[in-house]
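Since the structure comes first, as structure tokens, the remarks are kept for the end.
The values are calculated or read from the model by the stated rules, or taken from the named source; none is laboratory data. What you see is a predicted model, and the numbers here were worked out from it, not measured in a lab. Cβ sites come from the backbone with ideal geometry, for glycine too, and all protein chains shown count toward neighbours. Keep in mind that these areas ignore ligands, DNA and RNA; they rest on the heavy atoms of the full protein, side chains included. Shrake-Rupley method; radii C 1.70, N 1.55, O 1.52, S 1.80 Å.
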Amino acid sequence: MHTINGRGTWLVTKLALPHLKKSKNPRVLTLSPPLDMSPKWFKDFPAYTMAKYNMSMLVVGHAAEFAKWGIAVNGLWPYTVIETAALNMIESEKGRPNLRTPDIMADAALEMIRKPASFTGNLCIDEVVLREAGVRDFAKYALTKGIKDEDMELDGFLSEADHARVHMLRAQHKARL
């Protein structure tokens, strides 16, 4: 896992750098979590956590290193568990109703890529990106229709501050209805 997560992120970005320098709108977007050094993320799966956090640390490092070329580098992580082919390869994970579709990550990625190059070095959460961009309909991202936002299964690596921010944005949305 370290070979693909951290090393793969570093190597692909390194090899893309000459092309990014020539681009009119150079962007690097890594699917990596916010950095939360709470022991709860390390106690059961330290190698997995380290592999994911390597990617996030590369976002921060590359953002600083590449700023001189106007290359924006950011990370994106799902607030809820996303139904993916990888998840469905695990028999016990199939058929879970309270997940979101990959569309939410695609829409959040598009929002991030549209931001100016000064938006760099950020480790963002999909739902936060979209709510701050004005998206109000999250039902369209539910794998199973009718599942409410608060009933979705939350992804890992999210801090209490991350949860508080999402809850605040959800409350603001409800207040506008």
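Observations on the structure shown:
- Contact order normalised by residue count of the range 96-157, Cα under 8 Å, 6+ apart, percent: 53
- Over the chain, Cα pairs under 8 Å with separation of 6+ residues give a relative contact order of 25 percent.
- Legend: distances between Cα atoms for Lys21/Lys115; Lys40/Lys115; Lys24/Lys68; Lys24/Lys115; Lys14/Lys52; pairs beyond 25 Å are Lys40/Lys115.
- Expressed as a whole percent, the accessible area of the range 1-97 that falls on carbon and sulfur atoms is 65 (1.4 Å probe).
- Based on DSSP H segments of at least four residues, each scored -39500 (n - 2.57), the chain has a per-residue ellipticity at 222 nm of -14000 deg cm²/dmol.
- Rounded to whole Hz, the Karplus (6.51, -1.76, 1.60) HN-Hα couplings of the range 108-118, x for glycine and proline: 5, 4, 4, 4, 5, 5, 6, 6, x, 4, 5
- Phi angles across the range 148-159 convert, under the Karplus curve 6.51 cos²θ - 1.76 cosθ + 1.60 with θ = phi - 60°, into 3J(HN,Hα) values of 7, 3, 5, 9, 5, 7, 7, 7, x, 6, 9, 7 Hz, Gly and Pro given as x.
- Residues with amide H under 5 Å from that of Cys124, placed H, sequence gap 5 or more: Gly75, Leu76, Trp77
- Applying the Karplus relation 6.51 cos²θ - 1.76 cosθ + 1.60 with θ = phi - 60° to the range 80-86 yields 3J(HN,Hα) values of 10, 5, 9, 6, 10, 4, 4 Hz, where x marks Gly and Pro.
- Where the chain is the region considered: accessible area per residue in Å², 1.4 Å probe: 56
- For the range 70-138, a simple Cβ point-charge model (Lys and Arg +1, Asp and Glu -1, everything else neutral) yields a dipole of about 140 debye relative to the Cα centre.
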